[in-house]
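First comes the structure, then the notes that go with it.
The values are calculated or read from the model by the stated rules, or taken from the named source; none is laboratory data. Predicted, not measured: the structure shown is a model, and the values here were computed from it. Cβ placement follows ideal geometry from the backbone for every residue including glycine, while neighbour counts extend to all protein chains displayed. Only protein heavy atoms, including side chains, enter the accessible area calculation; ligands, DNA and RNA are left aside. Shrake-Rupley method; radii C 1.70, N 1.55, O 1.52, S 1.80 Å.
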Amino acid sequence: MAGIGEEQIGEFTQDGSVDLKGNPVLRSKTGGWTACTFVIGTVSSSNNVSNWVGTVWVMPVLGAYVADAYLGRYWTFIIACAIYLSGMCLLTISVSVPSLKPPPCLHLDVAECKPATPLQLGVFYTALYLLALGTGGTKPNISTIGADQFDDFEPKEKVQKLSFFNWWMFFIYFGTLFANTLIVYIQDNVGWALGYGLPTIGLAVSILIFLFGTPYYRHKLPTGSPLTKMARVIVACLRKWRVPIPSDPKELYELDLEEYAKKEKFRIESTSSLRFLNKAAVIVGPDTPWMLCSVTQVEETKQMLRMIPIMTATFIPSTMIAQVNTLFVKQGTTLDRQIGHFKIPPASFVGFSTLSVLVSIIIYDRFFIKAARRWTRNPRGITILQRIGFGIFLHIMTMVIASLTERRRLSLAKDHGVVENAGKVPLTIFTLLPQFVLIGTADAVFEVGKLEFFYDQAPESMKSLGTSYALVAFGIGNFISSIVLSIVASVTKRHSHKGWILNNLNASHLDYYYAFLATLATVNLMYFILMSRLYVYRAEISDSMEILKAESDEL
């Protein structure tokens, strides 16, 4: 630290943050909301161009692995952005250049249309998979980079970090609102070339903004493959499964504090949870990496494994979210959408859900947390798991209200004789507003809590991998939604029954299906409560939370 005065040494962050060159960073010059300003701008633009879902939920695990093991979050994100941008450029070209577009088709039977050429299909699918690959590198790392800008050892920054994920999701949904309104309108009414071209330009600008903020960022150095570390612990434990665990944790293998200080890592004390994994740190036999692991390595593995039951409990709530863009919207097509000479597009009601998320996040962060702190003395207001549980409860209530609303719609359809002919039901589309608004509120509570939980509870060297848990859970939940819908539709058609879910919603029983989802979510909530009570929170690496709690007690 040549050339640095003694008065500046105390200004360095204590959480191992460095600049892009690997040098320690000054707290006053980097991180915090200043750095996050550049980070958040990227998210809004990225959401505006997200039209590819499919299997992208798998990719975040790969992106997290590369970031934690080799390149670090910053460079993984930059490379992924380049891949993402190339995919958007190629997708824009595929809908703009006549020779790369299939010929227009006016036939009612799609089978009579001239198929796309191998070149057209190749360009289109290459663009989609580039987007999938780019998404895998951006999603698990960008939010992690943002959270890394706050020093856990500085109480003032710690309290700011507690609000970070609220505002992070706020800007994500703000971008989603923009994408689902203006961009979709341009694509449908002006053309796909401009509809994709504008977001591509916006994405390029947002990447430049992110790059411009580089001097302000705090970086965390990669510490090796997290999956390899976990595998070594499990293998070492299995190889010594007959070896007894010493009663004194100090007899277990651990590195000196100086070793961790050199690598800017944190040593973790041994815990009694998942105690059988402690066998990996028992000193017996050869001291190879696959036979002997440090206590810290064992505890990091425990923490990643402890989060898996919680992750499985978040699958079902994600199936609730999947109903918004599918069945909720299809319900709207059967209702009265006329306001004067204007006809409301059913899909536009998704905007009410997004607006509900934005308003709920503001209320939660600005008012609820402050009020809850006075009661619980918890700097977060309530614990992260309590927040997730409350979000799951709100999803249950959404399905209950949706079921009751659908029962009313079906009753009116029967009364007005429009069951068999699938006619319009004389009921305003605004009848669906409560379920759209409530599921938006549930998302604001649940999704933010889920993302914060998996980041906060992951070990310092595995933050990107922890964040990927949240993304994988959302993807699996969407797949479960498709599977459950198919099974229910098939089973309820047996034995000459009409079935709950038909193309003609007036002859269907979506009210039964929503009630089934509410029941499924209720069982899942009980499972979540059980897993939450068994869960052991990761020990804080600093005393910032205790300081904030003490300050709260003094108020």
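Taken over the range 288-303, the residue count meeting the criterion of being part of a loop (DSSP other than H, G, I, E, B) and either touching a residue at least 24 places away in the same chain (Cβ under 8 Å) or in contact with a His (Cβ under 9 Å, 6 or more places away or on another chain) (or both) is 6.
Those helices (runs of 4 or more DSSP H) of the range 151-217 in which 2 or more residues are touching a residue at least 24 places away in the same chain (Cβ under 8 Å) and either of a type in the set (D, E, K, R) or out of contact with any strand residue (DSSP E or B) (no Cβ under 7 Å at 6 or more places or on another chain) (or both) occupy 155-178, 192-212. Looking only at residues of the range 504-542 that are open to solvent by less than 40 Å² (accessible area, probe 1.4 Å), under 27 Å from Thr492 (Cβ atoms) and aromatic (Phe, Trp, Tyr), we find that the one that is nearest to the chain's Cα centre (by Cα) is Tyr514. So which residues in the range 220-255 are of a type in the set (Asp, Glu) and surrounded by fewer than 17 Cβ atoms within 10 Å (Cβ to Cβ)? Listed by number, the residues that qualify are Asp248, Glu251. Could you tell me which residue of the range 112-161 is modelled with the highest pLDDT, considering only residues that are among the charged types (D, E, K, R) and farther than 13 Å from Gly31 by Cα? Per the stated criteria, the residue is Lys139.
Which members of the range 523-548 meet the condition of being modelled with pLDDT of 75 or more and touching a Phe, Trp or Tyr at 6+ places or on another chain (Cβ under 9 Å)? Hits for the range 523-548 are Asn524, Leu525. If you go through the range 455-490 and pick out every residue that is assigned to a helix (DSSP H, G or I) and farther than 18 Å from Tyr74 by Cβ, you end up with 24.
Out of the range 283-303, which residues are buried (at least 20 other Cβ atoms within 10 Å of the Cβ) and either aliphatic (A, V, I, L, M) or farther than 23 Å from Pro244 by Cα (or both)?
Leu292, Val295, Val298
Each residue in the range 153-175 was checked for being more than 14 Å from the chain's Cα centre (by Cα) and open to solvent by 10 Å² or more (accessible area, probe 1.4 Å), and 11 pass. Scanning the range 304-347 for residues that are in a strand (DSSP E or B) and open to solvent by 30 Å² or more (accessible area, probe 1.4 Å) yields Asp336, Gln338, Ile339, Phe342, Lys343. Screening Lys139 with (1) crowded, with 22+ Cβ neighbours inside 10 Å; (2) of a type outside the set (Val, Ile, Thr); (3) farther than 30 Å from Val445 by Cα gives one miss only, at (3). Just one residue in the set Leu119, Leu91, Leu128 is buried (at least 24 other Cβ atoms within 10 Å of the Cβ), of a type outside the set (D, E, K, R), assigned to a helix (DSSP H, G or I) and more than 20 Å from the chain's Cα centre (by Cα); that residue is Leu91. When restricted to residues that are touching a residue at least 60 places away in the same chain (Cβ under 8 Å) and at negative phi, the range 370-382 contains 5.
Residues that are closer than 16 Å to Phe446 by Cβ, of a type in the set (S, T, N, Q) and buried (at least 19 other Cβ atoms within 10 Å of the Cβ) within the range 468-495 comprise just one, Ser481.
Taking the condition modelled with pLDDT under 90, part of a helix (DSSP H, G or I) and surrounded by 18 or more Cβ atoms within 10 Å (Cβ to Cβ), does Leu62 pass?
no
In the range 200-216, the residue that is most open to solvent (accessible area, probe 1.4 Å) out of those that are of a type outside the set (S, T, N, Q) and closer than 16 Å to Ile83 by Cβ is Leu211.
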